[in-house]
Amino acid sequence: MVSGDYTDQNEEEAISMPLDARQFYWMAPPFEEQPLFRAPEDVVAGWMEIANQACSELRNFGLPATVLAAEDRVGLGGDPGGQVIVCNARPFGVILAWEPPLRGSEEFKNAVLSRSTDSPLLKYIVEGKELMSMACIRLLAAAGFTTAIEGFEGSGFTYRILFTPRNSVVEYR
């Protein structure tokens, strides 16, 4: 079920997205029935436009950001900064995450490999990722993007970018 923290922009006024990813998520067959179900290419192309605009907005504000397809996001130590992820399968749509540079460090790898659940470094990275993801999604909302923050099965949040702004807050040259 979608619960969230939505921006003021009315979804009917928003443009650029052929289909709301949240609606697509609920219309798709259950994962158990069709685990390889993918969104159509034209829908994914619309989501890619949203992702590129969001990435540009984060960069214009001075934050590092990268657009990725969900299948490209594997392993530890991806590009640090905002990751605007286009998901053609569950969770569908445009998702925002933060990749801290420390995640690729030897200290982090050692903490993960030792399965140290009480590691201060792991706690620091998890909390920092949530804080930076929240900051980025709120920045995009302030810029006029329609966003949503959804609880993710009791363990964190999914930060969604749903629509691009109708009018840009700042015109970049």
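Here, each number is a calculation from the coordinates, and none is a lab measurement. As the structure is a prediction and not an experimental result, all values here were calculated from the model. For neighbour counting, all protein chains shown are included, and Cβ atoms are generated from backbone atoms with ideal geometry for every residue, glycine included.
Some observations on this one:
- For the stretch 113-148, trypsin sites (Lys or Arg not before Pro) are listed when DSSP marks them as loop and at most 12 other Cβ atoms sit within 10 Å of their Cβ; the list is Arg115.
- Evaluated over the Cα positions of the stretch 74-170, the convex hull gives a direction-averaged projected area, one quarter of its surface, of 7.1 nm².
- Residue order for Glu57, Glu106, Glu99, Glu41, fewest other beta carbons within 10 angstrom first, comes to Glu106, Glu41, Glu99, Glu57.
- Which of Thr66, Thr117 has the fewest Cβ neighbours within 10 Å, and the rest in rising order: Thr117, Thr66
- For the stretch 34-123, averaging the sequence separation of C-alpha pairs within contact (under 8 Å, six or more residues apart) and dividing by the residue count gives a relative contact order of 24 percent.
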